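Working notes, beginning with the structure itself.
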Amino acid sequence: MSLLDAKGVSMRFGGVTALRDVDVRQEANETLGMIGPNGSGKTTFVNAMTGHLKTAQGKILFDGVPILGRRPFAIASAGLTRTYQAVRVFGQLTGHENIAAALVDATRPLDPTGVAETIAWLNLDGRLGAPAGGLTLFEQRKLELLMRLVQRPKLLMLDEPVGGLSSHEVRAMIALLAELKARCTVFLIEHTMKVIRELADRVVVLLAGEKIADGPPRDILADKRVVENYLGSHDA
Amino acid sequence: MRPYITRWWPHVLFALAAFGTPLLLSGNRYFAFIAGITLISVLWSTGMNLLYGYTGLMPMMFGGIAGVSAYATIGLVAIGWSFWPAMLVGSLGASLIGVILGLPSLRLRGFYFTLCSLVIQTVITLGFVYFVNLTNGDTGISQIPLPEIPGGGRLSGLSYDLVLAALAVFGVILLTLIVNAPFGRRLIAIREDDGLAETLGINVTRQKLFAFFIGSMFASIGGALYAPYLGFISPRSFDVLVSLNIWLMVAFGGRGTIWGPAIGAVLLAPIPFLLQDYYTIKDVVYGLLIIGVIVLLPAGIAGGVRRAPRPAQAATLKPERAR
């Protein structure tokens with residue numbers, strides 16, 4: 001049984017079809033990357049998986065349980081959680097208060113030792129006493145990860161985790177994400193091919209809401225359709 | 001890793017002041033009455049604080065909910081109920097209505113919910129005016145008897161003040177317990193970003209409706225006790241200006257702090273009474289106070305002391321040692 005099994009997922013916004021019959025399967029402990037040009041439906045796909053789109057069509061099984069139509073908090077409680085393209089933390093609250101908010105309704109909360117270990121792993125020691133809005137973007141991205149990890153999710157969907165980071169920070173984040181794979185199953189939306197090449201075991205390519213390729217990064221990067229439609233363009 | 005530190009000595013001080021003031025003022029019924037109204041205001045502003053300060057919703061129908069409870073309680077007393085069970089039923093009923101009236105908050109955020117609640121408040125006030133057989137319309141209900149006490153007789157002025165003191169103290173303690181409980185953390189997360197709160201597994205719908213129930217309970221109990229205390233209610237007693245006044249106490253004292261709204265109530269509630277002889281400048285003084293606080297202490301009196309330095313702190317963050 002796959003961890004995530006989405007079949008025929010479609011989403012229309014008025015006359016615009018954002019997703020058309022997209023099939024995506026992801027096994028536990030497999031890192032799945034999703035790439036595609038701007039507006040190809042990557043974030044819409046994550047929104048549909050995590051309950052943010054009420055009118056999405058299709059069939060989504062997470063851990064064998066249908067989740068389409070369930071509310072975001074219920075999907076999060078089932079172990080499928082996500083981050084946002086634009087970093088999102090409780091800026092007025094301290095880092096510790098942010099963590100407390102993540103723990104309050106966690107179904108499988110990490111124990112305090114585990115939390116401390118995760119804080120140390122992310123190198124956030126001593127940075128969590130002040131309002132999170134005052135942290136650097138990189139630190140806020142790491143706090144975002146921390147807030148998900150204390151919930152011990154089964155599947156973590158990351159929406160462009162290196163967006164807005166400096167090249168130095170991108171390298172540091174890639175190193176963290178490589179280690180993150182040992183902690184939970186990761187689904188990754190990325191623009192940056194470097195990130196996908198280094199992290200993903202398998203890649204799904206979206207184009208205008210349709211899946212045009214699905215396979216190991218090496219094959220995808222050689223795929224003629226992908227190269228013509230995406231990699232050859234300035235987007236990649 | 002409890003994020004908030006609870007100190008109970010302020011509660012003890014507040015309880016001493018709340019019970020002591022009516023006792024000290026018992027020689028002068030007028031001043032004792034102002035103290036009693038202030039205590040009701042503390043209860044109301046504390047309930048408004050739960051919604052506005054901690055959940056991030058500004059319910060402008062707060063006064064209306066208090067009114068529903070007051071009219072329901074007095075109506076039940078009029079048909080022969082004893083005051084206390086009438087208050088219980090009236091408050092519970094009004095709180096449930098508060099939950100229903102809070103439903104728009106599930107769809108509307110911030111300013112839009114405030115506008116919607118303003119309309120709801122107007123409709124409630126119109127309801128009080130037009131359902132004459134229930135509310136006696138604009139004429140209002142006068143000569144409301146004081147609550148009776150078990151074993152015969154009626155509550156004296158002083159003992160009524162002490163009941164109000166007990167409820168104000170209980171209200172503040174309840175808010176403190178809520179803020180320190182998981183429920184309080186959920187509400188704060190919803191206030192800061194309800195979408196993110198939902199993604200973190202918090203059932204935002206349920207928590208908002210809980211908050212409305214408890215916040216409305218504060219409004220309702222205050223409303224039910226307000227009616228016999230004044231002996232007179234009319235639609236004016238629970239109109240939009242009352243809601244606005246309670247909101248002002250919260251904003252003035254410091255939203256999202258335990259003590260700010262109580263301080264706001266203590267400072268603002270007596271003003272209309274104390275300035276009664278200076279009718280012409282009353283509103284001017286009120287207005288100047290508001291402007292002063294907004295300009296000098298945007299986070300309120302308590303917030304100004306506690307919250308204002310935060311952004312600066314964040315900029316010059318010093319690494320701290322292990323927790």
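Where a number appears in this text, it was derived from the coordinates with a stated rule and is not lab data. Being a predicted model, the structure only gives us computed values, none of them experimental. Here the Cβ is made from the backbone with ideal geometry for all residues, glycine too, and neighbour counts use every protein chain on show.
A DSSP coil position with no more than 14 other Cβ atoms inside 10 Å describes the following chymotrypsin sites (Phe, Trp or Tyr not before Pro) in the stretch B:105-142: B:Phe131. Note on the stretch A:169-230 and the stretch B:230-276: Cα centroid distance 58 Å, given to the nearest whole angstrom.
Measure nothing fancy, just the Cα-based angle from helix B:110-130's long axis to the longest principal axis of chain B, in degrees from 0 to 90, nearest 10. Once rounded, one gets 0 degrees.
For the residues of B:127-138, the average number of beta carbons from a partner chain within 10 Å of their own beta carbon is 0. Residues whose amide H falls under 5 Å from that of B:Arg154, counting only those 5 or more places apart or on a different chain, are B:Ile149, with hydrogens built in the peptide plane.
Between A:Ala182 and A:Asp63, the modelled labels are 2.3 nm apart [label points 7 Å from Cα along Cα→Cβ]. Cα axis of helix B:9-24 to longest principal axis of chain B: angle in degrees, 0 to 90, nearest 10? Its long axis makes an angle of about 20 degrees.
The label point for A:Thr136 and the one for A:Arg71, both projected 7 Å from the Cα toward the Cβ, are 3.9 nm apart. Helix B:157-180 and the longest principal axis of the C-alpha atoms of chain B enclose an angle of approximately 20°. By the count of neighbouring beta-carbon atoms within 10 Å, fewest first, B:Trp247, B:Trp8, B:Trp81 end up ordered B:Trp8, B:Trp81, B:Trp247. The local environment of B:Lys208, defined by Cβ-Cβ distances under 10 Å, has a net charge of +1 under the rule Lys, Arg +1 and Asp, Glu -1. If you count Lys pairs in the protein assembly as shown whose Cα atoms are under 20 Å apart, skipping same-chain pairs closer than 8 places in sequence, the total is 19.
Full-extension gain between A:Arg197 and A:Arg171, please, as 0.36 nm times their residue separation minus the C-alpha to C-alpha distance. Contour length minus the Cα-Cα distance gives 8.1 nm. Relative to one another, the C-alpha centroids of the stretch B:161-217 and the stretch A:21-95 are positioned 29 Å apart. Estimated from the Cβ-Cβ distance and a Förster radius of 45 angstrom, the FRET efficiency linking B:Arg7 and A:Glu210 is about 0.15. Shielding value for A:101-111 is 5, the average number of Cβ atoms from other chains within 10 Å of each residue's Cβ.
Report the calculated FRET efficiency for B:Leu115 and B:Asp283 (r = Cβ-Cβ distance, R0 = 25 Å), to the nearest 0.05. Plugging the Cβ-Cβ distance into 1/(1 + (r/R0)^6) gives 0.55. The mean count of C-beta atoms from other chains within 10 Å of the C-beta of residues in A:85-97, rounded to a whole number, is 4.
Note on B:Phe170 and A:Glu228: their simple-model spin labels are 7.6 nm apart, each label 7 Å out from Cα toward Cβ.
Among A:Leu135, B:Leu274, the order by Cβ neighbours within 10 angstrom, fewest to most, reads B:Leu274, A:Leu135. Panel note: the C-alpha atoms of the protein assembly as shown, placed on their principal axes, show extents of 91, 53, 46 Å (largest first). For the stretch A:9-24, 3J(HN,Hα) computed residue by residue from phi via the Karplus equation (6.51, -1.76, 1.60; θ = phi - 60°) reads 6, 10, 8, 10, 10, x, x, 8, 8, 7, 9, 10, 6, 8, 10, 9 Hz, glycine and proline entered as x.
Once the chain from A:Val16 to A:Met1 is taken as fully extended at 0.36 nm per residue, the excess over their C-alpha distance is 2.1 nm.
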